[in-house]
Each structure stands twice: as structure tokens, then as C-alpha cells.
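Report on one structure; see the data block that follows.
The values are calculated or read from the model by the stated rules, or taken from the named source; none is laboratory data. Treat the numbers as computed from the prediction; the structure is a model and nothing was measured. All Cβ positions, even for glycine, are placed from backbone atoms using ideal geometry, and neighbour counts span all protein chains on display. Side chains are part of the model used for accessible areas, which takes the heavy atoms of the whole protein and leaves out ligands, DNA and RNA. Shrake-Rupley method; radii C 1.70, N 1.55, O 1.52, S 1.80 Å.
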Amino acid sequence: MPRPTKQNAHTWPFPDVVRMTANPARDQWVKKHAGRAYSFGVLRDPAGALATWRQDWAAILEGKPRPSRAGTRTDQAVSTFKVLNAAIDSVETAHATGTMNAQTRDEYLAACAVLAERLPSRWDDVEPKHVLEIFAGPYAHLSDGTKRKRLTTIKTMLARGADAYKAATPLNLGNIRPYARTVNATIRQSKKHKHLTPTQCSELVAAAFAAAEHPQASPNGPAEVLLAMNAGLGAQDLSDIFAESMAFDETNGRHWIRQPRNKNGVDRAFPLWPETVAAIQKAREANPHAERLLATVDGLPIHRGKEGGAYELRFKRLAARAGLRGATPYWLRYTFRALADDAPAPDSARRWIMGHAPANAHDGYLTTEPTEGIIAVIDHVHSKIFGTTHAGTA
């Protein structure tokens, strides 16, 4: 006979009357209604739980106090303050006993302070929407990853409080995914607007050249910013370009970069602005033997996946210097996309430059694109930022 598990150790004996589930952690028979879980009695007394359900269910459906709890502590309105205090006590106990480190404890207490300020005073009035509103307020400035971590911290903190303060009904945040999806959707929506204006692009380029004047500064700064703007390159795309992929094309008098995109194999190609060529050549003078077009002084990639790299650190400082605090390298990809939208060329030319699939995914990736359209898009973006075409005419 199989050994009983937490799922099958307790079987509700009255399924024809009402269905209840066991909550071994709280030693209670539980039934859910309108997204909330209600406890009716201890697991060893299912008959008592059924009697309590019969006494209370009508009141629960009408949103009234439960008759079985009249005159008890649980008949009184539970304050959010008491629940959060119980959560704090639980966290402090865990820290004191060595089961929680100091950093995690501080994160919980900081989240608790925000919850105390933002949640309704009555615990029964707290809803998931109140938690999500925090991410549009005090947490709005945080990065995507930090927001997700804070959401999990808040869920755990509220669960600790409800569990420690027995009078409180647990908030229905058991499945974090729907709420995380809401937060992530907000993050994705905000990303659509994270691009620079032409003026901000010019200021960022000026900041890069000014920073490169420092004797100990890397000469890569101007080249990284200009090349990313030139063709809407993300950090990984920028780091993946090899020196041999850049060559002069006599047929149109332009320097080009031709190299498949590592992410999806699209055989992308795009011409370079004169400013970009000059900046790359300056960077290569300091590191002429590097296999990659732009590399660290040791010849290593300027981007290292999720760990970031020299490019990200340098860009962060340049952005702050240009008054664009919070900007990331990927903003330049969004910027190119926005500035190229009204270019006098087919949309396929812009997709080819950026290494995108065609609008109809069933057609497969692009395999060719007329040179004229690609040049038109590149020159269009250049004129918006610098006010001139590549040849220097207004």
C-alpha cells in the first residue's frame, strides 16, 4: 500500500454535502470562495468542520461576520498593522535563530515598511490590486529583475504575517504568476517608450567623446555608442562583430559591416557613418590585434551575457554624464527603430539592418535586400541625429 502523502493523507468524508480540502500546514479544513480561503475546523474533526460550515456559510456568502466566531478575537476587524507586525516578529525570529541571513531580513523589513504605508488599514480590505499599485509608485524606478524579486518578497511577507497572526485570513496570492504577469506587462509597455530623441543622441555622443579625452579612459566609448546608433545594435550584437567583417566598398564609397547575426543567423549588412568609421579606427589604433572589432585591452568581448561587461559599465557612466540616468545600451536599439520608422525605404530594409525576421514569419528570414534601401535607412537616421547626410550635405 502506498505511503500517505500530504495530498492523500486527509480525505474529506462528506463530499456529497460540500467539498473541502485539507491544509496540513495550518491543521484546518478549508473551502475557497471569491478567491479567499476560509477555515472551518481542525483536520481530526471533519464533523465539527461541517457543522461550522453550515453555521457560517450563508454569512460568508453575504459578506457578514461569521456567527461561529461571535465574541471571539477573530470577530473583531483585523488590522493590517497587526498582520505586518506578526510578519516582522516571524522574520526577526528566523534571523535570530540563524535560518535567515541579514540581507534577506533587511529586504523583508524594507518591503514591510512600504506595505504599511500603502495597504488599507483593515486586513480584510487588502486585495492583490493594492500590491500591484506599489509597482506604479515607490517601486516604479526599479529594474525589471528587482521588481520581480520584490513581488516575491511581498508575497512571502504577507503569507508570514497571515500565518503568524492566526486571526487573519490568508490573502489569495498563492499563485504569483497572474500578478507577476501583470507587473511584467507593465514593464514591457514602459519599454516601448525607452528610446532617445535626436537631441539626446547628440548629447550622448558628445559625452562619449568628452569622456574619451581622459588619459586613462578606454578609446572604445565613442565607437561603441556610434556603432550601436548606426544600425540599432544591442550589446551582444556589438560585441559579436569581428574586425574582418568591416571593409570598404568601392561601388558606393562606403565602409560596410557584413556579418551574420549570431542570435538567428540573419546575414545582415549595413554601411557605416563617417563618424562611426573614424571612431572605430581610433579605437583600433589602441588595440590593433584584437579579433573582435571592439574589444577590451586584453582582447576580451566587451559584453558577457547576463553578467554584463565593460560596455555596459561604460555606457552607464556616459548616460549619467549626458543626463540620461537609467538608460541602458538596448535603448539605442529602440532609438534606431523609432528614427528609422519613416525612412524613405521599404520596411524590409530596416528589418534587414536590425537582423529581424520578415513581417510574415512563414516566409523565413531575409536572404537579400537591395543596397539602395539599406543606405536610405542608414542615411535617414544619420540626418535626424546630425542634421546632415553621410556626405556632409544638409
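Heavy-atom accessible surface of K32, to the nearest 10 Å², is about 140 Å², with a 1.4 Å probe and all protein chains retained.
With every protein chain left in place, what is the accessible area per residue of segment 234-305 in square angstrom, probe 1.4 Å?
On the way: 3590 Å² over 72 residues.
Result: 50 Å² per residue.
Computed on protein heavy atoms with a 1.4 Å probe, the accessible areas place T251, T156 in the order T251, T156, largest first.
Given a Förster distance of 22 angstrom, what is the FRET efficiency for E92 paired with R36, based on the Cβ-Cβ distance and rounded to 0.05? Don't skip to the end; give the middle numbers.
Numbers: r = 28 Å, r/R0 = 1.27.
The formula returns an efficiency of 0.20 here.
Sorted largest first by accessible area at a 1.4 angstrom probe radius, with every protein chain in place, the residues H289, H33 fall in the order H289, H33.
Its Cα gyration tensor gives segment 28-142 an equivalent ellipsoid; the semi-axes, largest first and in whole Å, are 32, 19, 13. Per residue, segment 5-147 exposes 58 Å² of solvent-accessible protein surface, assessed with a 1.4 angstrom probe and all protein chains in place.
Computed with a 1.4 Å probe over protein heavy atoms only, the accessible area of R304 comes to about 120 Å².
Each of A320 and R105 was given a label point 7 Å from its Cα along the Cα-to-Cβ line. The distance between the two points is 3.0 nm.
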